[in-house]
Amino acid sequence: ETFLERLQAMLPPGPAQPEELAKFRRRQLLRILIRDVLGRGSLAENTSELTALADAILETAYERIQDSLIVTHGAPGNDAKFAVMALGKMGGSELNYSSDIDLMFLYSANGETDGPQHLTNKEFFRKVKAPVRLFFLDIALWDIIGKACNQPIHKLIGGAYRSEVIPYATGLYF
């Protein structure tokens, strides 16, 4: 069973909520980390698995966001397609626990959506990319803000999600 299959089976229909994606990511990172610490996977296997995890989260989120936008705005005109290209460590299947993700977003043609609330293809695809990009950036930004304010992250985001969050304690993010 792949990460993509596991994630899609776990999520309810509709756009994936950031909390659901984060929960899945944390569980899988813990599993990968334990296997790594126990020496049951090579460096290449671990980095490949971390990359596959990030890829599954991105693919699921983008597909679901795009599907929900099509309901409101219609499909992009001129049969335009959207692609996300992974660069850097993700593009080379070499993500580690503290890697950032370098992505390039491309769409194939100008035009307008064909639904009740028209958007240009450019506007449509910007709406597709924004939520997940922010999901990955949010983790690092809240950590930086928390350190600058000398506050635990959970206080900055409106309360305890769990009893404590220790910034950079484990490095379990990408």
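The values are calculated or read from the model by the stated rules, or taken from the named source; none is laboratory data. Quick caveat, the model's predicted, so the values are computed rather than measured. Because the Cβ atoms are built from the backbone with ideal geometry, glycine has one as well, and the counts that use them run over all protein chains shown. Each accessible area value is taken on the protein alone, full model and side chains, heavy atoms only, with ligands, DNA and RNA left out. Shrake-Rupley method; radii C 1.70, N 1.55, O 1.52, S 1.80 Å.
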Test residue 49 against the stated conditions and say whether it is open to solvent by less than 60 Å² (accessible area, probe 1.4 Å), at pLDDT 90 or above and among the charged types (D, E, K, R). yes
Go through (1) surrounded by 15 or more Cβ atoms within 10 Å (Cβ to Cβ); (2) in contact (Cβ under 8 Å) with a residue 12 or more places away in the chain and name the single condition residue 20 misses. (2)
Among (1) closer than 21 Å to residue 127 by Cβ; (2) among the small types (Gly, Ala, Ser); (3) part of a helix (DSSP H, G or I), the one test that residue 14 misses: (3)
Could you tell me whether any residue of region 98-110 is modelled with pLDDT under 85, open to solvent by less than 90 Å² (accessible area, probe 1.4 Å), farther than 30 Å from residue 41 by Cβ and not hydroxyl-bearing (Ser, Thr, Tyr)? yes
Only one of (1) open to solvent by less than 40 Å² (accessible area, probe 1.4 Å); (2) over 13 Å from residue 128 (Cα atoms); (3) in a helix (DSSP H, G or I) fails for residue 65. Which number is that? (2)
Does at least one position in region 78-85 carry a residue that is touching a residue at least 12 places away in the same chain (Cβ under 8 Å), farther than 21 Å from residue 20 by Cβ and open to solvent by less than 30 Å² (accessible area, probe 1.4 Å)? yes
Just the residues that are more than 15 Å from residue 52 (Cα to Cα) and surrounded by fewer than 17 Cβ atoms within 10 Å (Cβ to Cβ), please, taken from region 1-14. 9, 10, 12, 13, 14
Of the residues 27, 31, 40, 35, only one is open to solvent by 40 Å² or more (accessible area, probe 1.4 Å), among the basic types (Lys, Arg) and not in a helix (DSSP H, G or I); which? 40
I need the full set of residues from region 89-113 which are touching a helix residue (DSSP H, G or I) at 6+ places or on another chain (Cβ under 6 Å), within 21 Å of residue 74 (Cβ to Cβ) and outside any strand (DSSP E or B), in order please. 109, 110, 111, 113
